[in-house]
Amino acid sequence: MTFKRFVIFLVVISVAFAIFDLYFQFVNIQNEMNEELTNLSAAFSERIEGITQFISIMQLSKNITLPSGIKGIIEINDDGNVVKSYGLENYTRALYDFSALSGTYISPITNVDGNPVITIATKSPSGIIAVEIDPRVALSNANLYIVDQSGFGVNLSSNEWKTFISVLAKNSNFIIDWPYLFVKEPTYGNYTLVNQVRISSIIYSALGASLPSYILILAIFFLTGFLYLHLKKKDKPVEEFLDFLSEIKTFRRYEGSEDQKFVKNYNDLVNEWDRVSKSYASVIDEISQTNTDLIKFNDLYAELPMIFERIDNEESFKDAIRIVARRILDLSKCVKGVGIKYGQQIFNIGTITPYDFQSNTKFTLGIKTHSSTLDFVLDLDKFTTTDIFKELLVSLLHHVGSVVSMYELRTERNESARYDPLTELLTRQEFSNLVFREIEILKRENEQSAFVLVDIKDFKEFNDRYGHFEGDVLMKYIAKVIKNSTRITDISCRWGEDSFAIYFANFKKTDMKTKESEIIGKIKEFKRSVNVKIGVSYYPQDGETFEELMKMAEERSNTQSE
Amino acid sequence: MRKYLIISVIIIAIAVVAIVFFFEKNQKPVVGILFPVDSATSYSDRMAGVLIAIRSLPDEVKFVDIDFNSSDLSTVVSKSINSGIRYFVTFLTSSQASELRSVVNGKNVILVDSQVTNPFVINEIKNFYTISPTDTIQASAIANYIHAQNYKNVLIIKGDQNPIYENYLSSQIAKDLNNYGINSVIKEFDQNLDATADSVVLIMSSERVLNIMPRIRSKYGNVPVIGSDWTLDQTLLNSKKSNGMIATCFADLSDLPQSFKESLYKIKMFPDPSMLLAYNATIVVFILAKNDVGSNDAQKFLDSRVFVGSNGEFTFSNKSASSKVYFYKISGENLTLLWSWR
């Protein structure tokens, strides 16, 4: 039941109770009036009957003192003649006739000198005795009237006369004739007792009698009022919350009182929503960051081959490693320092120091490359570094390792292309390139140089005789002799299948004989018999181009005797 | 809560309007029963007549008791008129009725009386009607009766309580007797009875009759004593002093319905003309009130109707009921109809 319904129920109950109580008080008053009239009627009847009984047995003497309340007395014989009378000289025909007929008679009220008088008559042994009495009695109730059979009445305690014809004409004992209520009660003879009361006074009496009930009802209403105010106060947060809900446009927390459970539940929901939203936002951020990282990683992935592609010497390789370290550092703010150790070389940037390669306090990763090792030490922020970033980073570092391996392989492959794999001397092509540049330098500096061609004669027969393995040993031996007989600035190569070319920079013609002897001498020291020829050409005497000079050297080697 | 409040106000307003409408629609016309409460004369017979009449009537008219003293009649009637009462049953003397002329003339009220017989009083009050024949008719009836009885010297004694009635009726009787060649002397109630008379006419109240009868009997012996209509009431009938007296009345006491007699027996009263006229007056006022007859239409309404009274039908003519005049001899317990005249 809601409070409004409770209040309506209380009002209905209170009004019903008030009406019932008022009705009850009215009934009480009515009963009291009835009882009063009944008692008065009994007293009046008793009085009249007493007088009747008294006079029915009396005989009037000559001298008589009238009892109190009796104004006159008369004795009438059976012939209708007055025998004796005191204060009452005449009698009425009705008195005589009805007394003779029914034994007793009570007359209508007559006005004798302003005082009400009724005559009571009864048969006695000597005839009929009638007395006149004043019907009035001392009463506290000033509203009571004794009314005769014609409707003429007199107040029982005062000298007020009134007619009650319309009241007597009604059958009901309660007659409302505003502003009066008449209550009547038949009494002795044809008389009627009438209580004439102002309705307003009855209402006042009833209200007065109901006052405790009204006070009780009032108290209940006050208590209800207090309860209402209390609940209203309690309801106020609810109303505010409802207002808040009616105006809400975004799902947000209610900042008012959380006394009500549903308000608290609502705020818990909002908190949960906020948490989920933040988590979602965090995931979105993380995804976004990861995307950003991926882009950076992808860029780096794409850039790495290019970084290592341009390397042509050791310094540029170091630069490439430094660039890689810088790029890794720039991948994210969570990377505070990067250290790369390649072989014995250490590259560090940011918070990483060479010492960090010895301690295990940082993130480390060692990668075996094709021909070396690549150790990474990274200072990662433990709060902002995500697992996925780490995984991406590890993958990237491995890729760096792969790229370095590729670089190593490429370098190695390039080296193999320059040198002859059997003799470990430059190839003819590489020798041609180097010497071509040397000739250009000779032209600019105007220096002298010598080109020597060493050719093994009958090398095919040697192989046939001693086997190809022994032929390879011979080739390696001659290459070793040439390496030992040349300066570091000199250039030598395997010129053909069984020939070697040597470029002697700044070498004078006069010194060549000695050099030729030295080389041939050492070759002759081989364990097998070897027949070699040497052809020499000089720059610029024999030509100014490489082709001219090598052609000359070949021709001279062919013409040289053993 | 506001919704409940509005609904409650509407329901209460509808209830109030309905009650007022119902009250207005069902408001019964009110008839005032005007009785003196300080008179030495007993009005019990007239009151009983009214009471029996009201009990016999349907509950379509509201009757209210209006008490007055001899000193405040005009005030009481004026207040009653102001309170909305338009119809009155009255039991006035001609003098009292004359007092009301200024109060009721020009007002939409109707007074129906059972006692006033003076034609001048009846005519000077526009809204005043009487259930009795006028004194002119009564005087003619009494003179005719005396003439018929062949009385030659008539002593007319008039009372001192209702001068308009007493003066007019006594002089009118004397005039009518004179027309018959009968001698008559008019005496005041308290004057010496020194005239020669073979019959006496008393024009006074019953109290005065009982008062003067011993003197008459002492002076004139058993001469016929004829009382006017005012004399005959319960007081007179209840006294042995009225024995042998001839009473004038406007009702036939010998032809009463049994139910009327039984009603009277229950309340231990005997019928008298005043009672019957009071009954008739009540019936007439009831019909006027029930038909909502206004003062301007009252005479026409009354003249056009035949009313059924306590002892038969009667009609109105010239503001008074056109009933016969009866002469009864009071002898002990009985009333003996001697003669009637119209």
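The values are calculated or read from the model by the stated rules, or taken from the named source; none is laboratory data. Keep in mind the model is a prediction, meaning the values are calculated, not measured. Backbone-built Cβ (ideal geometry, glycine too); neighbour counts: all protein chains shown.
Table for the structure above
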{"item": "Subset of the stretch A:193-212 [buried (at least 16 other Cβ atoms within 10 Å of the Cβ), away from chain B (no Cβ under 11 Å) and not hydrophobic (A, V, I, L, M, F, W, C)]", "result": "A:N195, A:S205, A:S210"}
{"item": "Complete set of residues in the stretch B:242-273 that are more than 23 Å from B:I146 (Cα to Cα) and either polar (S, T, N, Q) or at pLDDT 95 or above (or both)", "result": "B:Q258, B:S259, B:S263"}
{"item": "Which listed residue is at negative phi and within 11 Å of another protein chain (Cβ to nearest Cβ), from B:I66, B:I19", "result": "B:I66"}
{"item": "Selected residue (criterion: modelled with the highest pLDDT) from residues of the stretch B:183-200 that are of a type outside the set (S, T, N, Q) and surrounded by 21 or more Cβ atoms within 10 Å (Cβ to Cβ)", "result": "B:V200"}
{"item": "All helices (runs of 4 or more DSSP H) inside the stretch B:218-315 with 1 or more residues being within 30 Å of B:V154 (Cα to Cα) and more than 14 Å from chain A (Cβ to nearest Cβ)", "result": "B:273-290"}
{"item": "Meets criteria (under 26 Å from B:L210 (Cα atoms) and outside the structural domain of A:A43 (by TED's automatic domain parsing)) for A:G114", "result": "no"}
{"item": "Pairs with Cβ under 7 Å, 6+ apart, first in the stretch B:80-94 and buried (at least 24 other Cβ atoms within 10 Å of the Cβ), second among the acidic types (D, E)", "result": "B:T90/B:D113; B:F91/B:D113; B:L92/B:D113"}
{"item": "Sole residue being buried (at least 21 other Cβ atoms within 10 Å of the Cβ) and assigned by TED's automatic domain parsing to the domain that holds B:P224, chosen from B:N162, B:N127", "result": "B:N162"}
{"item": "Exclusive hit being within 25 Å of B:I131 (Cβ to Cβ), at pLDDT 95 or above and of a type in the set (A, V, I, L, M), set B:I164, B:I203", "result": "B:I203"}
{"item": "Any pair with Cβ under 6 angstrom, 6 or more apart, that starts in the stretch A:154-167 at a residue that is more than 10 Å from every other protein chain (Cβ to nearest Cβ) and ends at one that is in a strand (DSSP E or B)", "result": "A:N155/A:Y145; A:L156/A:L144; A:L156/A:I146"}
{"item": "Residue check, B:I33 touching a helix residue (DSSP H, G or I) at 6+ places or on another chain (Cβ under 8 Å), in a helix (DSSP H, G or I) and among the β-branched types (V, I, T)", "result": "no"}
{"item": "Any hit, the stretch A:342-351, residues being in contact (Cβ under 8 Å) with a residue 12 or more places away in the chain, on the phi < 0 side of the Ramachandran plot, surrounded by fewer than 16 Cβ atoms within 10 Å (Cβ to Cβ) and outside any strand (DSSP E or B)", "result": "yes"}
{"item": "Complete set of residues in the stretch A:60-96 that are within 21 Å of A:P116 (Cβ to Cβ), more than 14 Å from every other protein chain (Cβ to nearest Cβ) and either surrounded by fewer than 16 Cβ atoms within 10 Å (Cβ to Cβ) or basic (K, R) (or both)", "result": "A:L66, A:P67, A:S68, A:G69, A:K71, A:G87"}
{"item": "Residue match in the stretch A:132-143 (condition: more than 11 Å from every other protein chain (Cβ to nearest Cβ), closer than 30 Å to A:L60 by Cα and part of a strand (DSSP E or B))", "result": "yes"}
{"item": "Meets criteria (in contact with a Lys or Arg (Cβ under 8 Å, 6 or more places away or on another chain) and either away from chain B (no Cβ under 14 Å) or not in a helix (DSSP H, G or I) (or both)) for A:L218", "result": "no"}
{"item": "Subset of the stretch B:329-341 [assigned to a strand (DSSP E or B) and within 14 Å of another protein chain (Cβ to nearest Cβ)]", "result": "B:I330, B:S331, B:N334, B:L335"}
